[in-house]
Structures are given as C-alpha cells and as structure tokens.
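In what follows, a structure is listed as structure tokens, so that the remarks can point back to it.
The values are calculated or read from the model by the stated rules, or taken from the named source; none is laboratory data. None of these values were measured; they are calculated from a predicted model. We place every Cβ from the backbone using ideal geometry, glycine too, and count neighbours over all the protein chains shown.
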Amino acid sequence: MIVAFLFNLIVLVIGAIFSVLPAVTTLPPINGFDIDGALVQGMGQVHTFFITFWPLGIMFQGFLFLMGYYSLKIGVRFLIGHRAPGHS
Amino acid sequence: MIKHIIHNVNRFIPFTILLLCVSFLLPSNIAHAAVQYDGGFTDGTIDVGHQVTSGVRYYSSFFTWDGVSSLFPGGNMGIANANDTRFFQIYRDPTSAESCAQMAPGLFKSDGNPINGTVGTGYAVGSTNLCEYPITGSSNAGQNIWIMFVCSSSGCNTNTSNIIGTNSTAGGYLVSGTQAPPYLHGSMAFRTCDSGGCPTTPFPPPPGACDTSYSHICGFTPENGTTVTGPTVNFTLDYAVTQADIDSQLNDVVVTLHNIDQNVLLLGFLSPGDITLYNQVATTSGAIHFATSSPLADGNYRLEAKMQRKFFFDWITIPGDSINQSISKQFIVGTPTFIGNLTQNGFNILNGTLASSTATSSVVLVSHCNPLGTFDMIDCLSGLFIPDASQIQATIVGAQQGILTRMPWGYITRFVTIVGGTGTTTLSTTYTVEVALNTASDTTNISFNPGDMFAGGGALVDSIHSPYDSSVTFRSVFEPIIKLTIGLLVLFQIVHDITGSHAHHSEAGDVGGRRRKRT
C-alpha cells in the first residue's frame, strides 16, 4: 500500500505538472490529409498482409524492436549525454 | 369501511397498470421464444468416415433410441416438436473442410419418413462451427424428430473426419451409414427453433470442461497438495485458446508447463527434476489437452502452468495482458524432504497472502495491522509494502493517460500505439487496368483484387508440406529458423551498437579502421 501510494503520488505530481499541455488523441492532419486515419488503415492492411505472409511479419517485428532500441538509446543519451553506452 | 376499500384500491392501481402492461408484453415474448429443443453442449466430434464404406458416406443420430430395439419403431417417437420447426442447428468442427452446405442434413420421423417441410441449404452463423438450416414448406408441428441424417444427399468427404459435434451424455445413439454396431452413445449437438429463429451462440462445452470462448488455462495435474507414487509421474495440461488471440499479429500466445524442484536450496533449477514439460506457441484454437509422464525422485515439487502473450520472437512477455496467467500447484512424490517442505510452506504463505490481492485487498490486508483486531504480521507487512498487481497496472495506465499522451511527446505515443496495434483492415479495393489489344480502341479490362491475391498466395504457402508427413508444413519448419535468424541479427546489431565494435576514429590518422604509418 505504501509503495503503491508512492508510485501513484509520483505519477500524480508529474501528471499534474504536464496537465497544462493538451492531450493528443490523434495525429494532426497535414494540409487537410488525415495522417492518423491513413496510418491506422495502412497498418491494418499491413497486418492483414502479414497474417498471410508471416515471414515478412517476423522481419517487421525485428525492425520494430530495433527501432524501439534506437528510440530508447536517444532517450538515454538525452538524459545522461556522453555517459550513455555506445557513445563515442 | 368503504374509505378503507378505496384506499386499498388506490394503492393497487399502479400495480394493476404494471400488470396490464406486462400482460400486453407477455404474448409477444412467447411468440419470440425461438428454441424448441437444445441438444446441450459439445464434448467431442465423430468421424463420419467411421465404419462407413465408399458410397455410404453418411451418419445419423437417433436422438432417443435405446440402442437395442428396432431402428424404426413407427409411431411418433423422438424429440417433441409441438411447434413448427423452421430452423435447426448442428455443430461443425472448425478443422473440417466440409462446409455447412455439404453436410446437408435431413430430419426424419420414427417411421422412417422425413418430417414435413424442405430443408434448405445450410450456412454458418455466429461462428464457423455453428451450421444453421432453414425449413420451408408445410408445417411439421406435432411430428416428433426421431433421426437426423448428415450428408444424406451427396455424402461427406471420407478424407475429412471429425466434422460433427457430439453430446456423449445425451440419450440416443449415433449410427453409421452401414447401420452396423457398435453404436456410439450420445447425440449430435442439435438445436431446433420455430419461426422466431435460432440464437447465434455456439453450443457450450459440458459443465467442468474447458470453456473455449476465451483463452485460459483450464487445469493441470497433479493437483495441489497431493502425494503421488513415484518414480513415474503423470502430468496433464488443459487449456483453451481463441482464434482471435492466435491471429493477433506481432505476438504469440505461449503456454508452458514447468516442473520446479523444491528439494535443492537456491539451485533447484540445476536439478534433473526441474523440467519444462510443455512449451508451445498456440497455433490451434479450441481446447487443447496435453499429457506426458516423467520420472521424478522422491521429494517436493511445484508445477507451474503459464499462459503468456509474448513478442520479439517469444522472448519477452507483454506485461499486463489480459491472457497472462500463472498458476502453481505443489505436490509430493513419495517421501517429502526437509528443504522441500520448507520451500512449499514458504510458497504457501506468500502465495496465500498475495493470491487474494485484488484492487481492494491491500486495505483488507492492512486491517490485519490493527493490534486490537485480527493482527497478523505477514498480512500487515504484505499489505503495506507489496503493491497489488492491479494497483501497479492502474499506475501504469494512469501514467500513460496522464503523462505520455501530452503534447508534444503524445504524438510519438500515438504513433507507437498505431504501429504497435494489432487491428487488421481488409484489402477490399479492386484495381482495374485497361489493356489495349489489337488496336487502341480494342481494349479490355483486367481487375486485380489484392485481398484475393494475398489470400491465394497465403493458401499456397500454407499448402506446402512434406510428402511423407502432411503435419510437417513449410511454416512449421521454417518459422523457427526465420525467427531465430532475425532475432540473432537484431541482437547482433544491438550488441554491436552498444559495445562500439565498429571501426573507431579516435586516433589521428586512423582511416577506415586501418592505422596509417607514422612518418
């Protein structure tokens, strides 16, 4: 209960600080083009394609994981700078 | 007295109006009560090729026959059919290539003649394993149903077995086309309905059976707290997986059954009694039964069954997923050991405390901190310091909604949500290309439907199998290899990036990783 309370308190404080910023529910349209709708439909069709051609789905899974790693690395480098692993 | 009567009448006026309303509604409800007979649940399937010779490829369900007397006793016996049956449903095994239309059933009376009305072409309703057949024409009200034939008109494909769901505890017998014994006790899963139509809910499993409507571990043995005789111990595992969970892209449903040796302190995982008995990615929907046996030395053991949604080549479990399950049962083989008993008791205390941890259980546990109440040190400390899984989940969800969705990083969150989603969209667009033939004006159109093309290509890929064993498919052979290769490549790239094992340029004169000679 104490640990859960502390976690909730941290989330609550950070959430309160950022509550002044607007929440994002969809990606903004660019020149009237619905990027969000296009991405949702596109990814849905990609998933349909991957159900049929599963080897490509596995490759896409690996690609997403690698992109996740690079995103994490950018975040870590942003926070701790040159001390980040792999930084030369 | 009159005042008293009027007072009571006034009190009952609203109630009377309510009754009148209900009485108006009741007849309409009765008119829509569609199901006349429900053959209960499905607990198996039968092979229509069983005992059936070439050219006699049909099977029949004698719903109330005793298995001894005449197959066609005459009279009006069988399932009561007081109202006119306009629809009926049977179970079709989803693995069968036999379609609802191909099964073409017929309903007959106990004198061997068909009931009134014409049975139409069947179609799947609700799910692929529920076939419905309409009956048109003259009324069959009062004509009891004695038999249902399947495949009676054209015969079923003998290469396709196990197509009809059965209810083995129901009365009656299943009889093959040759009508030769032995007969199978039970009935085909069967449901009759009047003109109001049939429900689209599938036939449920029998009580206590594995419910296949959602993915979960149904049970496994040895049961908790039992002592079994060694050295050979029998293990079973029953679980259910839905097709939707199997089809979910970029992740898998992995089911494991792991026997943990509790007789060795800390290093139990090195013991020969520590065995992974089952570790499978679910590829088949429905109820799955697994049984095996393994020799175990005397002592204490914990059997852990897990169902987890995993991604990245099934190495990482997706936390907080609704199908994630981990259940443990502790048992003893022969004679328990001292360390084994200690381990089992310790697990029981901790598990007993945490197993009751629901969203409000921390409050319940903390109530044990009251020295004037039911004080319990373990429950008190557990409630104070160990958060419930649901509380952690609520905190994570709160952080996602309250922090990660805020602008500007909320755009990244939204992008990741879309890319990481599992929804599918059909490729329904048809592309038409105009092709010139002999002259510019002599043209023809060629249409491409990507959805059909992909489906056809996928069917081709899936149809590739070993010529010696049809269960060994292209996918079953190459999927693990492709997964391993991609996984190793990704890991190599990450390790390569972290360790900086690329050619570095930290020294002057270092070109392309080769040091230039100093002059």
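Some notes on this structure:
- Residue ID - nearest to the chain's Cα centre (by Cα), chosen from residues in region B:427-447 that are under 27 Å from A:Leu56 (Cβ atoms) and loosely packed, with under 12 Cβ neighbours inside 10 Å: B:Ser428
- First in region B:455-469 and in contact (Cβ under 8 Å) with a residue 12 or more places away in the chain and within 13 Å of chain A (Cβ to nearest Cβ), second anywhere and surrounded by 12 or more Cβ atoms within 10 Å (Cβ to Cβ) and not in a loop (DSSP other than H, G, I, E, B), Cβ under 8 Å, 6 or more apart: B:Val461/A:Thr52; B:Val461/B:Phe474; B:Val461/B:Arg475; B:Asp462/B:Thr473; B:Asp462/B:Phe474; B:Asp462/B:Arg475
- Residue count for region B:180-234 satisfying the condition of being farther than 16 Å from B:Ala34 by Cβ and among the acidic types (Asp, Glu): 2.
- In the set B:Asp442, B:Asp452, B:Asp469, only one residue is at pLDDT 75 or above and within 30 Å of A:Leu39 (Cβ to Cβ); that residue is B:Asp452.
- Residues of region A:1-18 classified as among the small types (Gly, Ala, Ser) and either in contact with a Gly (Cβ under 6 Å, 6 or more places away or on another chain) or at the interface with chain B (Cβ under 7 Å from one of its Cβ atoms) (or both), total: 2
- B:Ala291 crowded, with 20+ Cβ neighbours inside 10 Å, modelled with pLDDT of 85 or more and within 21 Å of the chain's Cα centre (by Cα): no
- Meets criteria (in contact with a strand residue (DSSP E or B) (Cβ under 9 Å, 6 or more places away or on another chain), surrounded by 23 or more Cβ atoms within 10 Å (Cβ to Cβ) and at pLDDT below 90) for B:Pro105: yes
- Residues located in region B:421-444, provided they are more than 7 Å from chain A (Cβ to nearest Cβ) and within 25 Å of A:Val46 (Cα to Cα): B:Ser428, B:Thr429, B:Thr430, B:Tyr431, B:Thr432, B:Val433
- Within region B:296-316, the set of residues being assigned to a strand (DSSP E or B), within 14 Å of another protein chain (Cβ to nearest Cβ) and touching a residue at least 12 places away in the same chain (Cβ under 8 Å) comprises B:Arg309, B:Lys310, B:Phe311.
- Scan of region B:173-196 for residues that are of a type in the set (A, V, I, L, M), farther than 18 Å from B:Gly112 by Cα and assigned to a strand (DSSP E or B), ordered by number: B:Leu184, B:Met188
- Yes/no for A:Arg77 being more than 9 Å from every other protein chain (Cβ to nearest Cβ), farther than 30 Å from B:Ser463 by Cα and surrounded by 12 or more Cβ atoms within 10 Å (Cβ to Cβ): yes
- Selection of region A:19-61 for residues being of a type in the set (S, T, N, Q), part of a helix (DSSP H, G or I) and either more than 7 Å from every other protein chain (Cβ to nearest Cβ) or touching a strand residue (DSSP E or B) at 6+ places or on another chain (Cβ under 8 Å) (or both) yields only A:Gln61.
- All of (1) closer than 18 Å to B:Val416 by Cα; (2) assigned to a loop (DSSP other than H, G, I, E, B); (3) at pLDDT below 85 hold for A:Pro85 with one exception: (1).
- Among the candidates A:Gly44, A:Gly37, residue that is within 30 Å of B:Val477 (Cβ to Cβ) and either of a type in the set (Gly, Ala, Ser) or surrounded by fewer than 13 Cβ atoms within 10 Å (Cβ to Cβ) (or both): A:Gly44
- Within region B:385-410, being at pLDDT 80 or above, surrounded by 16 or more Cβ atoms within 10 Å (Cβ to Cβ) and not polar (S, T, N, Q) holds for B:Ile403, B:Leu404, B:Arg406, B:Gly410.
- Residue in region A:45-53 that is over 30 Å from B:Thr499 (Cα atoms) and either touching a residue at least 40 places away in the same chain (Cβ under 8 Å) or touching a Gly at 6+ places or on another chain (Cβ under 6 Å) (or both) present: yes
- Taken residue by residue, region B:192-215 has at least one member that is under 19 Å from B:Gln308 (Cβ atoms), in contact with a strand residue (DSSP E or B) (Cβ under 7 Å, 6 or more places away or on another chain), surrounded by 21 or more Cβ atoms within 10 Å (Cβ to Cβ) and at pLDDT 80 or above.
- Given (1) farther than 30 Å from B:Asn279 by Cβ; (2) modelled with pLDDT of 80 or more; (3) facing chain A (nearest Cβ under 9 Å), index of the condition B:Ile482 fails: (1)
- Selection status of A:Ile35, among the hydrophobic types (A, V, I, L, M, F, W, C) and closer than 19 Å to B:Asp247 by Cβ: no
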